[in-house]
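Working notes, beginning with the structure itself.
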């Protein structure tokens with residue numbers, strides 16, 4: 001009898017389990033829940049116990065986690081994105097700080113008047129298009145320049 005080949009997702013899921021990022025579920029049950037609210041609520045954000053790291057390194061680490069979170073949300077959680085977009089008010093001030101989280105985007109063009117624009121605005125990725133997704137993104141962006149907050153806000157529902 002030929003041995004059954006394990007699906008690629010099983011290896012990925014076992015890695016997540018070993019890092020305690022998801023609860024201990026059987027692969028079949030977990031795969032059925034992919035994309036569902038139940039699975040998303042079981043994901044735990046990583047905890048960085050790194051008291052010896054300099055504050056700038058910790059900030060970059062947090063920005064990296066934020067980029068991954070935004071990518072995951074725009075890829076999987078369309079209903080959450082739509083709900084948050086309906087709560088968002090204000091407008092972009094063209095400061096370009098959201099394009100400088102973690103690293104400066106190569107498509108960011110800084111203009112002589114101090115504003116900026118995206119060179120690929122019509123084709124930019126979803127995590128850029130929907131930024132800020134929620135209040136966490138505003139807090140992260142406002143850490144870069146607390147004196148000039150983002151032009152977007154979120155209404156409380």
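Out of 134, 126, which single residue is at pLDDT 90 or above and closer than 20 Å to residue 63 by Cβ? Can you show your working first?
Values: 126 fails: at pLDDT 90 or above.
Answer to the check: 134.
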Taking the range 135-157 and keeping only residues that are in contact with a strand residue (DSSP E or B) (Cβ under 8 Å, 6 or more places away or on another chain) and assigned to a helix (DSSP H, G or I), one is left with 135, 138
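In contact with a strand residue (DSSP E or B) (Cβ under 9 Å, 6 or more places away or on another chain) and under 21 Å from residue 65 (Cα atoms): is that true of residue 99 in this structure? Don't jump to the end; show me each part of the working.
Numbers: in contact with a strand residue (DSSP E or B) (Cβ under 9 Å, 6 or more places away or on another chain): yes; under 21 Å from residue 65 (Cα atoms): yes.
Taking the combined requirement at face value, the residue satisfies it.
The values are calculated or read from the model by the stated rules, or taken from the named source; none is laboratory data. Since this is a predicted model, take the numbers as computed values, not measurements. Backbone-built Cβ (ideal geometry, glycine too); neighbour counts: all protein chains shown.
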